[in-house]
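Have a look at the structure below, then the notes.
The values are calculated or read from the model by the stated rules, or taken from the named source; none is laboratory data. Just so you know, these numbers come straight off a predicted model, no measurement behind them. Here the Cβ positions follow ideal geometry from the backbone for every residue, glycine too, while neighbour counts run over all protein chains shown.
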Amino acid sequence: MSENYNERMAGRECHHCHEWIEEGAAHDCWTTTEAALTEDLSDDLRDAWERLRDTAAAFGDQRIYASGTAIMFSRQSCYFFVRPRRSHLQVCVFLDRAVRAPQVRRVERKSASKLANIIHVRHRDEVEPPITDWLREAYDLPDKLAARADKPTTRRKSRTKGTGRRVSRG
């Protein structure tokens with residue numbers, strides 16, 4: 001046996017990505033790219049991913065970027081993201097409603113105005129209406145919410161307690 005048998009190699013294994021990092025080397029496994037997240041996809045999933053990305057990019061001005069384990073599509077805030085998996089693409093679409101359709105696996109409330117509709121895509125042919133319609137609806141949602149917030153509300157005139165008479169404001 002070698003006299004160096006029990007010596008440890010200089011470096012460490014990252015507990016997030018399980019890569020071996022040499023001693024003194026910079027490592028940031030949270031910095032990732034679209035290519036890194038999609039490199040191991042099957043041909044069917046890669047085709048579906050490319051169609052999803054092209055469809056969303058055609059909507060207009062937005063930011064598309066990789067973050068952690070997902071690829072985000074964002075205007076002022078994220079309107080949908082994709083998590084590449086071995087057997088499917090998990091597509092999370094943020095809408096102001098729960099979609100009732102066979103394509104939607106589950107719905108989770110994420111804020112007072114948004115619900116996450118989670119869809120599994122396995123093939124390029126699935127990236128068509130109604131899924132593309134939901135993506136477009138999510139892209140347009142910030143404009144819809146802003147218009148709703150700008151709309152003046154109609155208020156009833158307040159009444160005095162117990163008298164039934166209207167209080168004049170003037």
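The residue pairs whose first member lies in the range 42-71 and is touching a residue at least 60 places away in the same chain (Cβ under 8 Å), whose second member is of a type in the set (Asp, Glu), and whose beta carbons are closer than 8 Å, counting only pairs six or more residues apart or on different chains, are Ala48/Glu126.
Confirm whether Lys144 is within 13 Å of the chain's Cα centre (by Cα) and over 19 Å from Glu34 (Cα atoms). Spelling it out, it is not the case that Lys144 is within 13 Å of the chain's Cα centre (by Cα) and over 19 Å from Glu34 (Cα atoms).
Pairing each residue of the range 142-153 that is within 16 Å of Arg75 (Cα to Cα) with any residue that is surrounded by 10 or more Cβ atoms within 10 Å (Cβ to Cβ) and among the hydroxyl-bearing types (Ser, Thr, Tyr), provided the two are 6+ apart or on different chains, yields C-beta distances under 8 Å for Pro142/Ser77; Pro142/Tyr79; Leu145/Ser113.
Screening Glu23 with (1) within 19 Å of the chain's Cα centre (by Cα); (2) more than 17 Å from His123 (Cβ to Cβ); (3) of a type in the set (D, E, K, R) gives one miss only, at (1). Only one of the listed residues (Arg106, Arg83, Arg100) is modelled with pLDDT of 95 or more, outside any loop (DSSP other than H, G, I, E, B), surrounded by fewer than 12 Cβ atoms within 10 Å (Cβ to Cβ) and not β-branched (Val, Ile, Thr). That residue is Arg106. On inspection, Leu37 qualifies as farther than 15 Å from Leu135 by Cα and assigned to a helix (DSSP H, G or I).
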